1. Between a first residue in segment 260-282 that is closer than 16 Å to Leu67 by Cα and of a type in the set (Lys, Arg) and a second residue that is modelled with pLDDT of 95 or more and surrounded by 18 or more Cβ atoms within 10 Å (Cβ to Cβ), which pairs have beta carbons less than 7 Å apart while being 6 or more apart in sequence or on different chains?
2. What residue, of Asp69, Asp127, is within 12 Å of the chain's Cα centre (by Cα) and among the charged types (D, E, K, R)?
3. Could you identify the single residue in Leu206, Leu199, Leu153 that is modelled with pLDDT of 95 or more, within 21 Å of Gly64 (Cβ to Cβ) and either of a type in the set (Phe, Trp, Tyr) or touching a helix residue (DSSP H, G or I) at 6+ places or on another chain (Cβ under 9 Å) (or both)?
4. Show the residue pairs that are 6+ apart or on different chains and have beta-carbon atoms under 6 Å apart, the first residue being within segment 1-29 and closer than 22 Å to Val313 by Cα and surrounded by 15 or more Cβ atoms within 10 Å (Cβ to Cβ), the second being at pLDDT 95 or above and hydroxyl-bearing (Ser, Thr, Tyr).
5. Scan segment 80-95 for residues that are of a type in the set (Lys, Arg) and surrounded by 14 or more Cβ atoms within 10 Å (Cβ to Cβ) and report the count.
6. Considering Glu249, Glu262, which residue is charged (D, E, K, R) and under 17 Å from Ile116 (Cβ atoms)?
7. Within segment 158-166, is there a residue that is part of a helix (DSSP H, G or I), touching a residue at least 40 places away in the same chain (Cβ under 8 Å) and β-branched (Val, Ile, Thr)?
8. Name the residue, out of Arg286, Arg276, that is in a helix (DSSP H, G or I), within 21 Å of the chain's Cα centre (by Cα) and closer than 19 Å to Lys9 by Cβ.
Amino acid sequence: MKTTAQTYKQFLVSSQVNYTGTYLAEHIEGLDENSVYRFLKHSLFTPRLLWEKIKAVIVWSKNGYILFDDTVIDKDFSFKIEGVRKQYSGNAHGIIKGIGVVNCVYYNPELDRFWIIDYRIFDPDKDGKTKIDHLHDMLTLALDRGAQFSTVLMDSWYSDTQTLLWIDSLGKTFYCPIKKNRMVDDSSGALPYRSVDTLLWTNETLFSGKTVKVRGFPKDYKVKLFRVIVSTDKTEYVITNDLSQDSTEGCREETAIRWKIEQFHRETKQVTGIERNQCRTNRSQRNHICLAMQVWVFLSERAHAHQTTIYQVKRSLLDAYMVEQLRNPGLVYG
């Protein structure tokens, strides 16, 4: 018996704790685990196949948002998997070994729904591309595919001058945190540039933000800067090219939408087994990641159709098992 994409994705949907090829083979009569490994090693599943799934269900909005962020597929206890490299993980708050993935998520504010529309594996040793290169590739492709959106949100990692000016030239709005040592001028040239965390803030500017010049931007190009208190121990400095934005709270609400992509990262890791594959080849890992993301799309659509959460959809598969075990226990207590 040969492993197929349908079989593998059904396995990712159905399994609750174990996502290895060995576990799959153990639960299908006539399926050998080597068939699973050959399937992952010799198939070719790419981000374009994910788009084929998404384009049939996504609902665009002229007020939509495109979100960029990266995550690390944790392989901290793996030593021989190709494509694994040491990199910073926000989830782990430190350096771990893993496979970096740069994701592009679309958010429709009218429906309060989001979809993964593209992704790229961060593997500079293989393709020489930076995370910012991947952002440019995905945003260009989104435009070519007819994506409707008004705003781009991203982390400070992507806030380089070229990217922000490019987004502005597209007629789109950006909201983006910048690092605290970014040099800005809030004095219209009367004072030298200063790092953003040394600026003085009045009650008025804390409420309505500052108009500043960021070093490296064109001479007459100004942005609004807001000091946003995220938590008791975290402050973000957020810039936007929307000069009409005059409220820090409004800025906070815009940037909060960025956490939809964090929700996507959390859900894929908890319900699809995206981190659990232990195949050693680069192609096997890439195929597994693509198939896991397709499974997230399926589970997300099912959750929306039933007005529930993706976690409840996943756990509901255990209901029939529990009913059967209570009726006819496989392991009888006594």
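1. Lys260/Leu67; Lys260/Val105; Lys260/Tyr107; Lys260/Phe114
2. On the way: Asp127 fails: within 12 Å of the chain's Cα centre (by Cα).
None of the others qualify; the one that does is Asp69.
3. Matching residue, one of Leu206, Leu199, Leu153: Leu153.
4. Pairs found: Leu12/Thr272.
5. Filtering segment 80-95 for residues of a type in the set (Lys, Arg) gives 80, 85-86.
Now drop any that are not surrounded by 14 or more Cβ atoms within 10 Å (Cβ to Cβ), which leaves 85.
Going through segment 80-95 one residue at a time, the tally reaches 1.
6. Values: Glu249 fails: under 17 Å from Ile116 (Cβ atoms).
It is Glu262.
7. Let us first name the residues in segment 158-166 that are part of a helix (DSSP H, G or I), namely 158, 161-166.
Now drop any that are not touching a residue at least 40 places away in the same chain (Cβ under 8 Å), which leaves 158, 161, 164-165.
Checking the rest, the ones that are also β-branched (Val, Ile, Thr) come to 161.
Yes, that holds for at least one residue.
8. Numbers: Arg276 fails: in a helix (DSSP H, G or I).
The match here is Arg286.
The values are calculated or read from the model by the stated rules, or taken from the named source; none is laboratory data. Note that this is a predicted model, so its numbers are computed, not measured. For neighbour counting, all protein chains shown are included, and Cβ atoms are generated from backbone atoms with ideal geometry for every residue, glycine included.
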